Amino acid sequence: MAALNPVYTALPTTIFEHMSGLARASGAINLGQGFPDAPPPFALTAAVARAMAERSQQYPPMAGVPELRDAVSAFYARTQGLELTRDHVIVTSGATEAVAAAILAVVSAGDEVLLFQPAYDAYAPLVRRAGGVPVFVNLRPPHWQLERTAIEAAITPRTRALVFNDPLNPTGTVASATELALLAQIAQAHDLIAICDEVWEQVRFDGQPHRSLLAEPGMAGRTIKIGSAGKIFGATGWKVGWMVAAPELAAVTAKAHQFLTFTTPPMLQYAVAEALADDGLVQGLRDDWAATRAILNQGLARAGLAVLPGLATWFTCIDLAASGIAIDDATFADRLVREASVASIPLSALWEGPAAPRHILRLCHCKPAAMLNDAVERITRWRSEL
C-alpha cells in the first residue's frame, strides 16, 4: 500500500470517541463527550422547519447567508460591544472547521504555533497538517492561569500564531482582564496572529459578559474569533459555526473555508440567524445549564470529591489526588466506565508530553437532572468499594 499522510496515520482514536464507544457498548451514562441529551429549543427547530419549507435548500453563498452574517454581527454588538459588519463574518460547518480554516489561512510550512494545554485535541493535528509546528505552553491546576515567563520562553523567531481557547475546555476557566491584556501585549510585541476559539462565550455562570481578545487594543487586525451555534443553543449536531475577523483577514480565511466544506446548509443558517436575535432563548438555556451544573457539582462534593473551580462550559473537573484517590486519571476513567457504568474524560488525554497532570477527570453536566443524580450515586457506590 502507498504511504498515507503521517499526520493522520499516527493518530489514535480520539478520547471522546473511545469513551463514548465504551459507553454505547455497555449502556453506561455518558458524561464524557460534551453534548446535551435534550433536543435544541423548539423555537430553533421550528425556524429550521420553516426555512426548509419556505427558503432555498440549494448552495448558499460560500461566506454564509447574509441574514446569518448580519445576525452574528448584531449579536456581538449587543453582547460584547464589538463593532462588526457582515464582511467580518464567515460562516463555517461547525467551529472545528473554523479552527481548521483559520490555521490553514495563517500557518505556512515551518511556522510555530503556540498551543496552551490542556487543549482541544484537534489543534495540534491541524497545525501539523498545515506544515506548522505546535509548541505547547503548559497551564497548571487548579487555576490554569497564563504566565508571561512561560509564554515568552516558548516564542522563537519562527513563531507565527497562537491558538487561545477562552473559556477553556476542558477546565471551565475564564481568562481574566489581566490575562487578556498580557496576551494582547505579547501578540503585538512578537507580531503574532491570535486564533481565538471562543465557542463557550455564552456558556458562563459567573454573570459576566464575555470579553474577546479581539476587543483588546491593537488586536482587531490580528485576531480570528471563532463562535459556535452548537454551543450557544445546545445543538451540537447542527455544525454551524463562524469566524470573525477584520475584512481583509476574513477574506483569506474564507479562501481556506471554500476548499474544506465550501458552505453550510442554508436552512440551518436561517434558523440560527433567527435564534441569535432572541436573547431570552440564550439566557434560558444558560439558566438550565446552571441548574444541572449545580446538581452535578453539589452531588460530587457530597460524595467527597474535590471539584475544581470553574466558571464556564458544560464541564466539571474533579481532582482525584485531592479527593484521596491514588489512581491516575486514565485508569480511573477506564475503570469508572467499565465497573460503575459512568463515562468521563481523563484530562491527561488532552495533553502532549510527559508533564501532563494525571489526577484530573472531566465530567459533562449538561444532562438531565435524573441522569446526573444517577451518575453521582453510581460513582459514590463504586468509590466506596475501591
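The values are calculated or read from the model by the stated rules, or taken from the named source; none is laboratory data. The shown structure was predicted, so the numbers you read here are calculated from the model rather than taken from an experiment. Positions of Cβ are backbone-derived with ideal geometry, glycine not excepted, and every protein chain shown enters the neighbour counts. Please note that ligands, DNA and RNA were not included when accessible areas were found on the heavy atoms of the full protein model with its side chains. Shrake-Rupley method; radii C 1.70, N 1.55, O 1.52, S 1.80 Å.
Set side by side, the residues Ala189, Ala194, Ala215 differ, and just one is surrounded by fewer than 17 Cβ atoms within 10 Å (Cβ to Cβ), under 28 Å from Ser108 (Cβ atoms) and either modelled with pLDDT of 95 or more or not aromatic (Phe, Trp, Tyr) (or both), which is Ala189. Listed by first and then second residue, the pairs linking a residue in the stretch 212-239 that is of a type in the set (Phe, Trp, Tyr) to a residue that is assigned to a loop (DSSP other than H, G, I, E, B) and crowded, with 21+ Cβ neighbours inside 10 Å, with Cβ atoms under 7 Å apart and 6 or more places separating them unless they lie on different chains, are Phe233/Pro40.
For the stretch 149-163, taking the residues that are open to solvent by 20 Å² or more (accessible area, probe 1.4 Å) and either basic (Lys, Arg) or in contact with a helix residue (DSSP H, G or I) (Cβ under 8 Å, 6 or more places away or on another chain) (or both), the one that is nearest to Ile224 (Cα to Cα) is identified as Arg160. Close Cβ contacts (under 6 Å, 6 or more residues apart or on different chains) running from residues in the stretch 128-146 that are on the phi > 0 side of the Ramachandran plot to residues that are modelled with pLDDT of 95 or more and open to solvent by less than 60 Å² (accessible area, probe 1.4 Å) comprise Trp144/Thr171; Trp144/Thr173. Just a yes or no: is a residue in the stretch 222-230 more than 16 Å from Ala95 (Cβ to Cβ), of a type outside the set (Asp, Glu) and open to solvent by 10 Å² or more (accessible area, probe 1.4 Å)? Checked against the condition, which is being more than 16 Å from Ala95 (Cβ to Cβ), of a type outside the set (Asp, Glu) and open to solvent by 10 Å² or more (accessible area, probe 1.4 Å), the stretch 222-230 yields at least one hit. Among the conditions (1) assigned to a helix (DSSP H, G or I); (2) under 18 Å from Leu281 (Cβ atoms); (3) open to solvent by 30 Å² or more (accessible area, probe 1.4 Å), Leu22 misses just one, which is (2). Pairing residues of the stretch 55-75 that are under 12 Å from Gln258 (Cβ atoms) with residues that are among the charged types (D, E, K, R) and in a loop (DSSP other than H, G, I, E, B), at Cβ distances under 9 Å and at least 6 apart in sequence or on separate chains, gives no pairs at all. Of the listed requirements (1) open to solvent by less than 30 Å² (accessible area, probe 1.4 Å); (2) more than 23 Å from Glu216 (Cβ to Cβ); (3) touching a residue at least 60 places away in the same chain (Cβ under 8 Å), Asp121 misses just one: (1). Tell me, which residue of the stretch 328-375 that is open to solvent by 20 Å² or more (accessible area, probe 1.4 Å) and among the hydrophobic types (A, V, I, L, M, F, W, C) is modelled with the lowest pLDDT? Among those residues, the one meeting the criterion is Ala355. Within the stretch 276-300, if we keep just the residues that are of a type in the set (A, V, I, L, M), open to solvent by less than 70 Å² (accessible area, probe 1.4 Å) and touching a helix residue (DSSP H, G or I) at 6+ places or on another chain (Cβ under 9 Å), the residue that is farthest from Leu361 (Cα to Cα) turns out to be Leu276.
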